[in-house]
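K.L.:
Attaching a single structure in structure tokens format; questions to follow.
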Number of protein chains: 2
Amino acid sequence: MEAGLSARNPRIQAAARLHRSSERDATGLTLLEGPNLVEEAKQAGIAFVELFSLDESDPDAVRISEAALERLSSTQTPQSPVAVIAIPRHRLRAERSVLVAWEISDPGNLGTMIRTAAAFGLDVAVRGGADPWSPKSLRGGAGAHFHTSVVEIADLAEVEAVKVATVLEAGDSPSALPDGRLALLIGSEAHGLPPEAIASAPIRITIPMPGGTESLNAAAAAAILCYEISNRRTSQNG
Amino acid sequence: MEAGLSARNPRIQAAARLHRSSERDATGLTLLEGPNLVEEAKQAGIAFVELFSLDESDPDAVRISEAALERLSSTQTPQSPVAVIAIPRHRLRAERSVLVAWEISDPGNLGTMIRTAAAFGLDVAVRGGADPWSPKSLRGGAGAHFHTSVVEIADLAEVEAVKVATVLEAGDSPSALPDGRLALLIGSEAHGLPPEAIASAPIRITIPMPGGTESLNAAAAAAILCYEISNRRTSQNG
């Protein structure tokens, strides 16, 4: 009868350190928690550096204790298994439109935006803000990180597509989105896009909000405009 | 020199108990945290049962200690002021379309959906799941709870509008949304809508997702369809 690796085991401790972004940067590794994410990664052909499970019947996994699982988890109800993977090095694809997430600070929100982009066939460029490969962003993405390209950029010039800035007022209607490959810029929850980002974009779009409130959550705005970009392509090509 | 109410003060303890839904149910009260939400409530004419602040210069607030603020907060970085308010008793408005949030379990997601509905002029009916008046839902709503009607329902029959079920496949395109007052049903993150909800809806809509992934976050799907409902009205009346 084996109890599984304890929370103090060096392999568990090394994996748990991946909750820190500095450790993810230094190692190129991250953590996937729960059966859905681990299965999505497996389906996508991702190799597991470690695979830890409470379940002794899983032949591919190293058995761990409940305490070790809690140490590895970033959720209130820890889910087994937990995998350590190398962060994939994606490239933006030449033919795809791109969602540019600009200084999105909430990792769950960023993950949701990646999930939305993947559903509508857009790649994702992350320009500052939360780490798209953090366990929380991965959870928000629900596997989408393995179905679309997710890259970090330092400069908007790295995205070769017509820039579209999302602005709260005085932009064009979403129906004015042009044909072709677009880079949809969505700004931070608190501050929107900075002036330099807006200035770099030949197209500015405002989502009409007749309800009289000020704004949408950044991920909600991203969903509407990814949908419009996808619709536009469908209606023009289909 | 006054230190402000301590975390052990009975008024602070009574307010902190409002993090529990049973206590909110029993008292009809809830908590608002941070300057933005408190200001939104004030602008909307909401009366404060209590108003607690770190800032001694606020003449309307009772001064509290840092420890008391932490006790009242549900965030990692507690924000002053914190208000106790009575939960408004809203009614669905006869002329409005309604977003029906069905067993949405994440309070932040539910708050985001309320924010989205308010932006597009829809009321909100909550059918099971998270409490729309919890501090976390209120934070996700960013003040939208004070700009649209938010009601809890036990039965879909309480919503007198044409039901539209959001389904993952085999529904009509969003462009098929009819004119008139609609009740847009959005199901839980994990399970979608239950069969009885889908059966009750004469209209079923599927958001086309050419990216090849399975699904959208519930709040992202709600954003796209609230936008489509609002667009439809605008283009027909405007």
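This table checks each residue for (1) open to solvent by 10 Å² or more (accessible area, probe 1.4 Å); (2) under 29 Å from residue B:23 (Cβ atoms); (3) basic (Lys, Arg).
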| site | (1), (2), (3) |
| --- | --- |
| B:136 | yes, yes, yes |
| B:166 | yes, no, no |
| B:195 | yes, no, no |
| B:225 | no, no, no |
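K.L.:
Taking interchain pairs and intrachain pairs at least six residues apart, which have beta carbon atoms under 7 angstrom, with the first residue in segment B:209-223 and surrounded by 24 or more Cβ atoms within 10 Å (Cβ to Cβ) and the second among the β-branched types (Val, Ile, Thr) and assigned to a loop (DSSP other than H, G, I, E, B)?
P.N.:
B:216/B:207; B:221/B:207
K.L.:
Further question: Considering every residue within segment B:6-25, establish whether at least one is within 20 Å of residue B:133 (Cβ to Cβ), outside any helix (DSSP H, G or I), of a type outside the set (Lys, Arg) and open to solvent by less than 50 Å² (accessible area, probe 1.4 Å).
P.N.:
No, because not a single residue in segment B:6-25 is within 20 Å of residue B:133 (Cβ to Cβ), outside any helix (DSSP H, G or I), of a type outside the set (Lys, Arg) and open to solvent by less than 50 Å² (accessible area, probe 1.4 Å).
K.L.:
For residue B:93, only one of the following conditions fails: (1) within 30 Å of residue B:180 (Cβ to Cβ); (2) out of contact with any Lys or Arg (no Cβ under 9 Å at 6 or more places or on another chain); (3) open to solvent by 80 Å² or more (accessible area, probe 1.4 Å). What is its number?
P.N.:
(3) is the only condition that residue B:93 fails.
K.L.:
Also, I was wondering about something else. What are the residues in segment B:113-138 that are touching a Ser or Thr at 6+ places or on another chain (Cβ under 9 Å) and within 11 Å of chain A (Cβ to nearest Cβ), if any?
P.N.:
Across segment B:113-138, the qualifying residues are B:114, B:115, B:117, B:118, B:119, B:120, B:121, B:122, B:123.
For every residue, the table says whether it meets (1) over 27 Å from residue A:105 (Cα atoms); (2) open to solvent by 40 Å² or more (accessible area, probe 1.4 Å); (3) assigned by TED's automatic domain parsing to the domain that holds residue B:227.
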| site | (1), (2), (3) |
| --- | --- |
| B:34 | no, no, no |
| B:37 | no, no, no |
| B:57 | yes, yes, no |
| B:109 | no, no, yes |
| B:119 | no, no, yes |
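K.L.:
Determine whether residue B:187 is closer than 30 Å to residue B:26 by Cβ and more than 8 Å from every other protein chain (Cβ to nearest Cβ).
P.N.:
Yes; evaluated as a whole, the condition is true for this residue.
K.L.:
Out of all the residues in segment A:66-83, which are buried (at least 19 other Cβ atoms within 10 Å of the Cβ) and in a loop (DSSP other than H, G, I, E, B)?
P.N.:
A:73, A:80, A:81
The values are calculated or read from the model by the stated rules, or taken from the named source; none is laboratory data. What you see is a predicted model, and the numbers here were worked out from it, not measured in a lab. Neighbour counts are summed over all protein chains in view; Cβ atoms, including those assigned to glycine, are modelled from backbone coordinates with ideal geometry. Surface accessibility is based on the protein's heavy atoms, side chains included, excluding ligands, DNA and RNA. Shrake-Rupley method; radii C 1.70, N 1.55, O 1.52, S 1.80 Å.
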